[in-house]
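The next block holds one structure in the form of C-alpha cells; read it before the comments.
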Amino acid sequence: MAHWTDDRIAAAERGENPTVLARMETGWAVIGDVQRLPGYCLLLYGGRARHLSELPRPERGRFLLDLALLGEAVEAVCAGRDPRFRRLNYEILGNSWEHLHGHVHPRYHWEPEPFLRGPVWRYGDERLRPSHRLGPRHDGLRQDLARALTGLLAGA
C-alpha cells in the first residue's frame, strides 16, 4: 500500500494527510515535515500545474492570495508563541518537486548569526535532522495554525 507521502495531494483529498491544516480555495495548507523554524508551512496547489505561469491569471491571483492568508496565520501564531519572531519569507520553488507549491518560512531573532540573512536553505542538512522532524510535540503548534487559518478563511 502506498504511503501518504507518495501523493500528498491525493492523501489530503482522502483525508489521510496528517499535515493538513485547512483546505483553501486553490489548494491545501500543510505544516512542514521539518520544523527547524517552528511554524514552517506550505500551500500545495490542488490542481495540476508545475509553474505559477501555467495558471490563468485569475487563478494565479487566488493562489497568491491563499499563500498570503496562510502567511498571515503563520505570522499571527508564531509572533504570539515566540516574542523573538522576526518576519516571514515566502518562496515558490519547484526544483525538487515539480508541482506548484509555496513555502512560508517564519524567521526568528534567535537564529544563529550566519543564518539570519539569506534563504533558509543555507541551513543545509542541519534543517533535516531527526530532532526537527514534525512529531507529536508539534501538535499544539499545528492546532494553533489550523485554528488561525480557519478563522482567517471564515472572514475572507
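So which residues in segment 75-86 are assigned to a strand (DSSP E or B) and out of contact with any helix residue (DSSP H, G or I) (no Cβ under 8 Å at 6 or more places or on another chain)? Before you say what the answer is, go through the steps one by one.
Start the filter on segment 75-86 by keeping residues that are assigned to a strand (DSSP E or B), which leaves 85-86.
Matches in segment 75-86: Arg86 only.
Would you mind stating whether Ala2 is part of a helix (DSSP H, G or I) and at negative phi?
Working: part of a helix (DSSP H, G or I): no; at negative phi: yes.
No.
Surrounded by 18 or more Cβ atoms within 10 Å (Cβ to Cβ), under 16 Å from Thr26 (Cβ atoms) and acidic (Asp, Glu) - does that describe any residue in segment 67-83?
No, that holds for no residue.
What single numbered condition from (1) under 14 Å from the mean Cα position of the chain (by Cα); (2) within 22 Å of Arg8 (Cα to Cα); (3) in a helix (DSSP H, G or I); (4) of a type outside the set (Asp, Glu) fails to hold for Thr150?
Answer for Thr150: the failing condition is (1).
Quick one: which residue in Glu59, Glu91 is part of a strand (DSSP E or B) and over 19 Å from Leu134 (Cα atoms)? Quick ask: steps written out before the conclusion?
Working: Glu59 fails: part of a strand (DSSP E or B).
That would be Glu91, the only listed residue that is part of a strand (DSSP E or B) and over 19 Å from Leu134 (Cα atoms).
Of all residues in segment 86-108, how many are without any contact (Cβ under 8 Å) to a residue 40 or more places away in the chain and either farther than 17 Å from Leu65 by Cα or of a type in the set (A, V, I, L, M, F, W, C) (or both)? Can you show your working first?
Residues of segment 86-108 that are without any contact (Cβ under 8 Å) to a residue 40 or more places away in the chain, as a first pass: 86-91, 93, 95-97.
Then drop every residue that is not either farther than 17 Å from Leu65 by Cα or of a type in the set (A, V, I, L, M, F, W, C) (or both), which leaves 86-88, 93, 95-97.
So the answer is 7.
Could you list, in sequence order, all residues of segment 1-46 that are hydroxyl-bearing (Ser, Thr, Tyr) and either buried (at least 21 other Cβ atoms within 10 Å of the Cβ) or modelled with pLDDT of 95 or more (or both)? Before the answer, list the steps.
The first filter runs over segment 1-46 and keeps only residues hydroxyl-bearing (Ser, Thr, Tyr), leaving 5, 19, 26, 40, 45.
Matches in segment 1-46: Thr19, Thr26, Tyr40, Tyr45.
Of the residues Glu126, Glu111, which is in contact (Cβ under 8 Å) with a residue 24 or more places away in the chain, over 18 Å from Thr19 (Cβ atoms) and assigned to a loop (DSSP other than H, G, I, E, B)? Steps first, please.
Details: Glu126 fails: assigned to a loop (DSSP other than H, G, I, E, B).
Just one listed residue meets the conditions, Glu111.
Assigned to a helix (DSSP H, G or I), touching a Phe, Trp or Tyr at 6+ places or on another chain (Cβ under 9 Å) and either touching a residue at least 12 places away in the same chain (Cβ under 8 Å) or among the hydrophobic types (A, V, I, L, M, F, W, C) (or both) - does that describe any residue in segment 15-27?
Of segment 15-27, the ones assigned to a helix (DSSP H, G or I) are none.
Checked against the condition, which is being assigned to a helix (DSSP H, G or I), touching a Phe, Trp or Tyr at 6+ places or on another chain (Cβ under 9 Å) and either touching a residue at least 12 places away in the same chain (Cβ under 8 Å) or among the hydrophobic types (A, V, I, L, M, F, W, C) (or both), segment 15-27 yields no hits at all.
So for segment 136-146 (the condition being more than 16 Å from Ile31 (Cβ to Cβ), of a type in the set (Gly, Ala, Ser) and either in contact with an Asp or Glu (Cβ under 8 Å, 6 or more places away or on another chain) or part of a helix (DSSP H, G or I) (or both)), does at least one residue qualify?
To start, the set of residues in segment 136-146 that are more than 16 Å from Ile31 (Cβ to Cβ) comprises none.
No, that holds for no residue.
The values are calculated or read from the model by the stated rules, or taken from the named source; none is laboratory data. Keep in mind the model is a prediction, meaning the values are calculated, not measured. Using ideal geometry, Cβ is built from the backbone for each residue, glycine included, and neighbour counts are taken over all protein chains shown.
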